[in-house]
Number of protein chains: 2
Amino acid sequence: MYIQLDFESDIPIYEQLKDEIIMGIAKKQLLPGERLPSVRALAGDIGINLHTVNKAYQQLKQEGFLLIHRQRGVVVNPEGTPKADEKYEKKLTALLRPQIAESFCRGINKEKFWEICETVYEEIKEGDINE
Amino acid sequence: MYIQLDFESDIPIYEQLKDEIIMGIAKKQLLPGERLPSVRALAGDIGINLHTVNKAYQQLKQEGFLLIHRQRGVVVNPEGTPKADEKYEKKLTALLRPQIAESFCRGINKEKFWEICETVYEEIKEGDINE
């Protein structure tokens, strides 16, 4: 899996790393049970701090995307990704609300907004080498 | 305008306040040229720190949503809200990408995702008392 980070972005690196791993799972480039590099290996590979990788892994563990075994290391949750529940849908709405409001103010109408969302769905679909 | 803040959210209060003001502009509850409460008044009204309100106002000024006059105080940009350009569209895509990827992992398909977006568009439309 190719991990792309933007060091000039306002988004913290650990969040970007989390997002990239979740995108990898969405694209099925990371499959249930698949092993991820150790904290040390990944930090060395992409040239970031150990703590940054650790923070991303720990949060993804808490959210149910990863398991961290003392011996087997870091793996994608073999039981699959956590499912959306009412709490998650509320959170998602709260996260989308300001983006929709701001883009609406800036003259991006529903159709244009949807076009932008579609590019992301296309990226997921094209990344899925198993499809 | 009614400002709703969630003190238990992970989203910083100044960001929530920014989002609420932008939502107010989207709903046309705040019109171009309209005056906002002073930093001190708003902080007192909602019971938050002066610096939090100031940070939100200053960022909205930098982004072109508000003007801050020494005498006339804080007003919604009378020339209207800033428009979307290529840079903004890129930023918006970068912000939506992880939300779409995570919701996709969690089993929210395109149709369901769009339904959630529609609830926000409905909120904007219903809030617009001028329509």
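The values are calculated or read from the model by the stated rules, or taken from the named source; none is laboratory data. Everything numeric here is computed off the predicted structure, so don't read it as measured data. Note: ideal-geometry Cβ built from the backbone for every residue, glycine included; neighbour counts use all protein chains shown. Keep in mind that these areas ignore ligands, DNA and RNA; they rest on the heavy atoms of the full protein, side chains included. Shrake-Rupley method; radii C 1.70, N 1.55, O 1.52, S 1.80 Å.
How far is A:ASN54 from the same spot in each other copy, in nm, shortest first, if each label point sits 7 Å from Cα toward Cβ?
Going from nearest to farthest copy, the values are 3.6 nm.
I'd like the accessible area for A:CYS105: 1.4 Å probe, protein heavy atoms, all chains in place, Å² to the nearest 10.
10 Å²
I'd like to know which of B:GLN62, B:LEU92, B:ILE48 lies farthest towards the positive end of the charge dipole of chain B, counting +1 on Cβ of Lys and Arg and -1 on Cβ of Asp and Glu.
So the residue furthest toward the plus end is B:GLN62.
Helix check for chain B. Which DSSP H runs span at least 15 Å along their own axis by Cα, with a mean Kyte-Doolittle hydropathy no less than 0.0?
The answer, listed by residue number, is B:13-26.
Considering every pair of different Cα atoms, what Kirkwood radius, in Å, is found for segment A:1-127?
16.3 Å
Just to confirm the filter: which chymotrypsin sites (Phe, Trp or Tyr not before Pro) across segment A:1-55 are DSSP coil and have at most 15 other Cβ within 10 angstrom of their Cβ?
Numbers: sites: A:TYR2, A:PHE7, A:TYR14; in loops: A:TYR2, A:PHE7.
In loop regions of segment A:1-55 (DSSP not H, G, I, E or B), the sparsely surrounded chymotrypsin sites (Phe, Trp or Tyr not before Pro) are A:TYR2, A:PHE7.
If you take the alpha carbon radius of gyration of the protein assembly as shown and divide it by 2.2 N^0.38 Å, what ratio comes out, to two decimals? All intermediate terms of the calculation are to be shown ahead of the outcome.
On the way: Rg = 20.4 Å, N = 262, 2.2 N^0.38 = 18.3 Å.
For the protein assembly as shown, the normalised Cα radius of gyration comes out at 1.12.
Quick one: with label points 7 Å out along Cα→Cβ, list the inter-copy distances for A:THR119 in nm, shortest first?
The projected label point of A:THR119 is separated from its counterparts by 2.7 nm.
Within 15 Å, Cβ to Cβ, of A:TYR57, how many net charges do the neighbouring residues add up to if Lys/Arg are +1 and Asp/Glu are -1?
Around A:TYR57, the charge tally is +1.
Along Cα→Cβ at 7 Å, what distances in nm separate the B:TYR2 label point from those on the other copies, shortest first?
Spelled out, the distances from B:TYR2's label point are 4.8 nm.
In Å², rounded to the nearest 100, what is the total accessible surface buried by chains B and A against each other with a 1.4 Å probe?
Buried surface at the B/A interface: approximately 4600 Å².
Which value, in Å³ per residue, describes the convex hull spanned by the Cα atoms of segment A:6-48?
Working: hull volume 3.3 nm³, N = 43.
Roughly 77 Å³ of hull volume per residue.
With r defined as the distance between the Cβ atoms of A:SER38 and A:ASP128 and R0 fixed at 22 Å, what FRET efficiency is calculated, to the nearest 0.05?
Efficiency, from the Cβ-Cβ distance: 0.25.
From the square roots a ≥ b ≥ c of the eigenvalues of the alpha-carbon gyration tensor of segment B:80-131, which class results: rounded (a/c under 1.5), prolate (a/b over b/c), or oblate? Spell out each step's value before the answer.
Numbers: a/c = 3.98, a/b = 1.23, b/c = 3.25.
Here segment B:80-131 falls in the oblate category.
Once you've got the GNM for chain A with C-alpha springs shorter than 10 Å, pick whichever of A:LEU95, A:LEU17, A:LEU36 has the biggest mean-square fluctuation.
Checking each option, the largest mean-square fluctuation is seen for A:LEU95.
Relative to the Cα centre, what is the charge dipole magnitude of segment A:1-65, using +1 at the beta carbon of each Lys and Arg, -1 at the beta carbon of each Asp and Glu, and rounding to the nearest 20 debye?
Details: 7 positive and 9 negative charges, 79 e Å.
For this selection, approximately 380 debye.
What is the sum of charges, Lys and Arg at +1 and Asp and Glu at -1, for the other residues whose Cβ falls under 10 Å from the Cβ of A:LYS18?
Once all neighbours under 10 Å are counted, the net charge is -4.
How large are Rg and Dmax for segment A:9-81 when only the alpha carbon atoms are used, in Å?
Rg, Dmax (Cα atoms, Å): 11.5, 35.
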